[in-house]
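Before any comments, here is the structure.
Where a number appears in this text, it was derived from the coordinates with a stated rule and is not lab data. This structure is a prediction, so every number in the text was calculated from the model and none was measured. All Cβ positions, even for glycine, are placed from backbone atoms using ideal geometry, and neighbour counts span all protein chains on display.
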Amino acid sequence: MPIEIPVDKWPGTVNTVTLGATAADGGTRSKVVTIGGERSLPFMHFENETPHPPVIALEMTAARPGDWSQVLLDAWGDVVDDPARWAGACEEAGADLILLMFGLNDADGNPVTPDFAVGTVKAVLQATGLPLVVLGPGQAEVDNEILVPVADATKGERLVLGLCEDANYRTIVASAMANGHLVLGRTPMDVNLAKQLNILMTDMGLPLDRIVMDPTTGALGYGIEYGYSVMERLRLAALQGDAMTQLPMLVNPGYEAWRTKESKVGEGVPDTWGDWAARGTHWETLTAVSLIEAGADVVVLRHPDSVTRVREAIDELMTLETA
Amino acid sequence: MSRYIATRAIRGANALVGEAEVMLKQALDEHGADTPVSFPNTAYFLPVIFGMTGREIENLGELPEVLDHARSLLHPTPSAKHWTPYLGETLDSGMATLLAAETIEAIRYIYGLQPELLPGFELAGGTSFTSPDMNGGADGSSNGHLNGAIDDIQLRSWGIQLVDGRMPGFAAIVGCAKSNAAAVQIVRELQRRNILTFLSGNVNGRSIIHQLLEEGVELGYDTYTVPFGTDTISAIYALGFATRSALTFGGMKGGQAKEILHYNKDRVFAFVLALGEVDDLKYAAAAGAINFGFPVIADTVIPQILPTGVTTYEHVVSLPWHEIDGGDDLEKAERLVQKCIEVRGVKVQVADVPVPVPYGSAFEGEVVRKADMRVEFGGKNSRCFEYLRMGKLDEVVDGKIEVVGPDFSAVDPQGSMDMGIVVEVAGRQMEQDFEPVLERQIHYFVNGASGIQHIGQRDITWIRVSEKAAEVGFDLESFGKILHARLHSDFGAIVDKVAITIYTDPEQVDQRLDEARAAYDFRNKRLEDLTDTAVDVFYSCTLCQSFAPNAPNHVCIVSPERLGLCGAYNWLDCKASFNINPTGPNQPIKLGRVSDLETGYWEGTNDYAKVGSHGVVEEVAMYSIMENPMTACGCFECIVMLIPEANGVMVVSREDTSMTPAGMTFSTLAGIAGGGIQTPGVMGVGKYYLASPKFISADGGFKRIVWMSSVLKDTMSEEFKIVAEREGDLELIDRIADERSVSSVDELLAWMEAHEHPALTMDAIF
């Protein structure tokens, strides 16, 4: 019996956003990444094609991370002490783009300075041709102190700068606008707050095609349902035509998955939990793939093995038989 | 528009364009068309010309067409005999003046006349020049000249601060102050508020720059006070700065004149302060500034242009120095700057709460026990009240805190005294309706101070100050400082000025208390008069979508007679919230045409219901539980539910855990009432809605309530007394069953028979 699959016709489209700029467009990237453009729920190929598949970012830190799982440190080895080499390793591991995270301190344990930040970002830009997301430590004063000079020093690269949050977005948006960069806005798992921040940022005159939103999520077993639901609702609203929700979404399953006990702790846990390293990457992979199905356009990962596995999942989802 | 101003501005513009033409001709003769022209270190060419006309001027030969354009903007001065409109002409002339002024300065750069030389002057940080001549010659320092145009590096640094709000705006001062002391005070007042200051112009050869130098005030980038030049023409650099702000931070391109001007009007909070006599050229330049939405405030007598239009508020305001209310130059300067801020609508940030005790919301729940107490106001042994009222913008003095009567140092430890806190606020967006909304915040603001306990409101306020807080210096004035800082930081959108008076003198307390009580009565009356038919907008509330993610499609529609179901937001709160945060969770819903006033349908509410619920709900009835009832999230104070057998409804409070006649407890019922779906016969509401004349009025109103949690009867007894009177049955509340006697439908019907409940004889509810 032939079964007719109902086809939804959505009036809205997710914005198309290009991260990074090649020399021709005023940057130095060897490749750029374009995300967004969806006109249907994820992977409903029979409704509309997915113009840009979800992409994978690898997260690295400006100074050796103090709170990362030993599994991750073992996987990366000594490159974690050298941002330039780490960036190269990320590219080799198959990332589409790199997320560079600043903490409150530099490699020597001193408070981060604008010089350190600019130097690190430049070193990473030289070491890799991938587009770059640069995030401050999330404290308004420090973020503004280091991101403004970074934005100035990398004019035209179309970096993604963050975090823009409700309490601190104006300075970052202003410096992104003045230097041709993009911004990442983050709100704590809430459709309306996400929408409001997007309104505020575009109110300043930043075009929508230069904003990516992070609606925040949880790890598998640690609130992923909540995050999934918010992302799904944002995407539904976007497809229904609400311009202020039509932004591509970036989420960080790597951060979320690697702070769960299952990924972080290797000793004193039941034997049935199995191999620690395998467990961690399973956790990260499953979290990431679930969020991709919720509509994520960029997933940020931490373990190089997860990149391969999430990539396989994306490829499979992208080639699903269309009805 | 004043004809006087128009005449003088147009005359000034004509003269300046003529002057520029002469200078340009001479420069072309002496230097040739290929001579490069530029301002130092900028990528925006001659910025005003570039922004307004899109011309990328790089050499002298390109300037004649700029002046041709300027000349085409000139008009004859208005006829003294016949009235003709001249606003457009004046604005055009202003623009012509700016183009001519920028041309003149560009030519002067070629002749080494810009930046203006001033022997002996040391710039405290300024534009650096690639030409060593300009860096003061021999020693290569940046001495011996004023700043001239601002370079792009400084533009970025300041521009970001202007955009992100750290810097509230900039002031272009033109002319010369009444005295050196006045000049210093004006600049200090601007600096204190973090307002960037540009200096130019003179009166009879004497400039505010000279005045400040004589008084030893450091000028330059480092002090946020930049000397452009001692003539009016150099004020063009301020507009070049403004134009480049729009190009850099507004993402605009050269030639987008309209967008650039709008950007400046809406986002760059700048104003012109004209000190001393205003000549033709100053009028012309001022007309140029008005194009950008920058108003002009003069400290001399000039005609005013008060209607709004091109600027957000007034265009030209005269505040003669000798008429400013103030004892000395300091006070006069403060008032003058305050006036400038008002006219431009600059919002000033107050960062910290300046009290000697720790301050933050973490201290809100603190209790001060009798044993730890230094003094108390209110409670059993004394009187205390708080009263916030709206004052006139030009009468309220921002930051003024006055204590009338003795401080509590004279009171015995653990003693008490009378106190009245009277807060006066003023603001362009302030409305009398917001008074109670702001007044209620006093409770949270005062409680934020460590060691202070605040209970109650209005004339039942009760405040305790702990021994510890008093020891470190918390006094009566501290209350004022808290309120001033917090009202500005939390309600800056509607409040521009805050003044506080604390009364402890018993006679004064008496008198003020009477005033306050009259105001409380007035407000109560106002609330009674505030009916759904008296307004033309309701408000949406999506606040709870944050906490109730499983009800993504629920929206409250808040009307004067139906508050939000959580009980936290009434119509006035929503109105104030929208004014404070226009992109926030409370948005106005224009009612439009009434479809059915009985059941509560308007075009606007129905349209909104569709959008707000993402298409899940098609229509919503404001006054019915049976037909398209309003949805709920999960945070309702009460659940109203149909009891078919009783021909009425029951009301269950969320504080009531007992069994209801419906056979379900509150928590089970909550599952049916919430979730953002319409279930006829079930509805979540705020408890004060029960007492509203519009409570399920389409279904018969309050008389339909056959059962109600006793806790509601107790806490709402005052309100219900009024309802009973309104319904014409003083026994009405006693006819309603509660959980103490009835927990099943059979018991309920028996109770209703025994108590002659009106629902028994009403029309069938469905």
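Residues whose amide H comes within less than 5 Å of that of B:G648, counting only those at least five positions distant or on another chain, are B:I643 (H built at 1.01 Å from N in the peptide plane). For a straight C-alpha distance cut-off of 22 angstrom, the lysines reachable from B:K525 (same-chain residues fewer than eight places away being disregarded) are B:K575, B:K687, B:K694, B:K721. Here's how it looks for A:G103: its modeled amide H is under 5 Å from those of A:A62, A:A63, which are all 5 or more places away or on a different chain. Plainly put, segment B:3-110 has a radius of gyration that is 1.04 times its Kirkwood radius, both from alpha-carbon atoms, as the Rg/Rh ratio.
Close amide H partners of B:L273, meaning residues 5 or more places away or on another chain with modelled amide H under 5 Å apart, are B:A172, B:I173, B:V174, B:I297.
What Kirkwood hydrodynamic radius, in Å, does segment B:117-344 give when the mean of 1/r is taken over all pairs of distinct Cα atoms and then inverted?
Numbers: mean 1/r = 0.0568 Å⁻¹.
Every distinct Cα pair counted, the radius reaches 17.6 Å.
Using only Cα coordinates, the Kirkwood hydrodynamic radius of segment B:534-761 works out to 17.7 Å. All C-alpha to C-alpha distances of chain A, sorted into 20 Å bins beginning at zero, yield P(r) values of 33, 59, 8, 0 percent in whole numbers. Here each label is just a point 7 Å from Cα along the line to Cβ, and for B:E731 and B:E471 those points are 6.3 nm apart.
Be a star and scan segment B:429-461 for residues whose amide nitrogen sits under 16 Å from the point 7 Å along the Cα-to-Cβ vector of B:D490. Of the residues in segment B:429-461, B:434-450, B:452-458 have backbone N under 16 Å from the label point off B:D490.
Sequentially through segment B:232-247, phi angles give Karplus couplings (6.51, -1.76, 1.60; θ = phi - 60°) of 5, 4, 5, 5, 4, 4, 5, 6, x, 4, 4, 4, 5, 4, 5, 5 Hz, Gly and Pro residues having no value and appearing as x.
Stretching A:D74 away from A:A107 to a fully extended chain increases their span by 10.0 nm, per 0.36 nm per residue minus the current alpha-carbon distance. Per-residue ellipticity at 222 nm computed for chain B from its helices equals -11000 deg cm²/dmol, with DSSP H segments shorter than 4 residues left out and the rest contributing -39,500 (n - 2.57). Net charge in the neighbourhood of B:S72 (other residues with Cβ under 11 Å of its Cβ; Lys, Arg +1, Asp, Glu -1) is -2. For segment B:361-528, the spread of Cα coordinates along the three principal axes comes to 44, 30, 28 Å, biggest extent given first. Taken one residue at a time, the phi angles of segment A:192-201 give Karplus couplings (6.51, -1.76, 1.60, θ = phi - 60°) of 5, 5, 4, 4, 5, 4, 4, 4, 4, 5 Hz. Gly and Pro are set to x. Direction-averaged projected area, Cα convex hull, segment B:475-589: 9.5 nm², rounded to one decimal.
Quotient of the Cα radius of gyration of segment A:63-150 and 2.2 N^0.38 Å, N being its number of residues: 1.05. Ignoring lysines fewer than eight residues from B:K497 along the same chain, the ones with Cα atoms less than 16 angstrom from its Cα are B:K339, B:K347, B:K392, B:K400, B:K481. Put a dot 7 Å past the Cα of A:T308, heading toward its Cβ, do the same for B:D596, and the two dots end up 6.6 nm apart.
Mean partner shielding of peptide B:159-169, defined as the number of other chain Cβ atoms within 10 Å of each residue Cβ, is 4.
For B:L60, what is the net charge nearby, where nearby means another residue's Cβ is under 11 Å from its Cβ and Lys, Arg count +1, Asp, Glu -1? Numbers along the way, then the final one.
Numbers: positive: B:K25; negative: B:D29, B:E30, B:D34, B:E58, B:E62.
Charge balance in the 11 Å sphere: -4.
The stretch between B:Q26 and B:R192 holds 55.3 nm of extra length on full extension. This uses 0.36 nm per residue minus the Cα-Cα distance.
Across all C-alpha atoms in segment A:237-287, the radius of gyration and Dmax reach 16.8, 51 Å. What is the angle, in °, between the Cα long axis of helix B:3-31 and the longest principal axis of the Cα atoms in chain B? Nearest 10 is fine, range 0 to 90. The angle comes out at about 40 degrees.
Protection proxy ranking, highest mean first, for peptides B:570-576, B:25-31: B:570-576, B:25-31, where packing is the per-residue count of other beta-carbon atoms within 10 Å, averaged.
The helix-based estimate of mean residue ellipticity at 222 nm for chain A, built from -39,500 (n - 2.57) per DSSP H run of four or more residues and divided by its residue count, is -12000 deg cm²/dmol to the nearest 500.
Mind checking the alpha-carbon convex hull of chain B and giving the volume per residue in Å³?
On the way: hull volume 155.2 nm³, N = 766.
Value for chain B: 203 Å³ per residue.
Normalised by residue number, the volume inside the convex hull of the Cα atoms of the protein assembly as shown is 246 Å³ per residue. With R₀ fixed at 30 Å, the C-beta to C-beta distance from B:R206 to B:K258 puts the FRET efficiency at about 0.20. Using R₀ = 25 Å, calculate the FRET efficiency as 1/(1 + (r/R₀)^6) where r is the Cβ-Cβ separation of B:R526 and B:T583; round to 0.05. FRET efficiency, B:R526 to B:T583: 0.35. Just how far, in whole angstrom, is segment A:96-142 from segment B:553-575 if you go by their alpha carbon centroids? When both Cα centres are located, 46 Å separates them. Using the Cβ-Cβ distance between B:I110 and A:T28 with R0 set to 41 Å, the FRET efficiency works out to roughly 0.65. Extending 7 Å from the Cα toward the beta-carbon at both B:S741 and B:T761 defines two label points whose distance is 1.9 nm. Other residues within the sphere of radius under 10 Å centred on the Cβ of A:L132, judged by their own Cβ, net out at +1 (K and R +1, D and E -1). How many angstrom lie between the C-alpha centres of segment B:401-440 and segment B:210-260? Cα centroid of segment B:401-440 versus Cα centroid of segment B:210-260: 42 Å apart. Packing here is the average count of other Cβ atoms within 10 Å per residue, and on that basis the peptides A:12-24, B:657-669, highest first, run A:12-24, B:657-669. Distance from the Cα centroid of segment A:153-168 to that of segment B:693-723 is 55 Å (rounded to whole angstrom).
Across segment B:202-283 the C-alpha pair distances fall into 5 Å bins from zero in the proportions 3, 12, 20, 19, 17, 15, 9, 4, 1 percent. Per the Kirkwood formula applied to alpha carbons, segment A:126-223 shows a radius of gyration over Rh ratio, Rg over Rh, of 0.98. Using the Karplus relation 6.51 cos²θ - 1.76 cosθ + 1.60 with θ = phi - 60°, the per-residue 3J(HN,Hα) values for segment B:451-459 come to x, 10, 10, 10, 10, x, 7, 6, 9 Hz, with x marking Gly and Pro.
Which whole-number percent gives the relative contact order of chain A, counting Cα pairs below 8 Å spaced six or more residues apart? Could the numbers behind the result be given before it?
Numbers: 688 pairs, mean separation 68.8, N = 323.
After rounding, I find 21 percent.
Tell me, in nm to one decimal, what length is gained between A:L320 and A:E49 on full extension, where the rule is 0.36 nm per residue of separation less the Cα-Cα distance? Intermediate values should be presented prior to the final figure.
Numbers: separation 271, 0.36 × 271 = 97.56 nm, distance 1.13 nm.
Computed gain between A:L320 and A:E49 is 96.4 nm.
Reachable lysines from B:K370, Cα under 16 Å, same-chain residues fewer than 8 places away excluded? Qualifying lysines at Cα under 16 Å: B:K380, B:K468.
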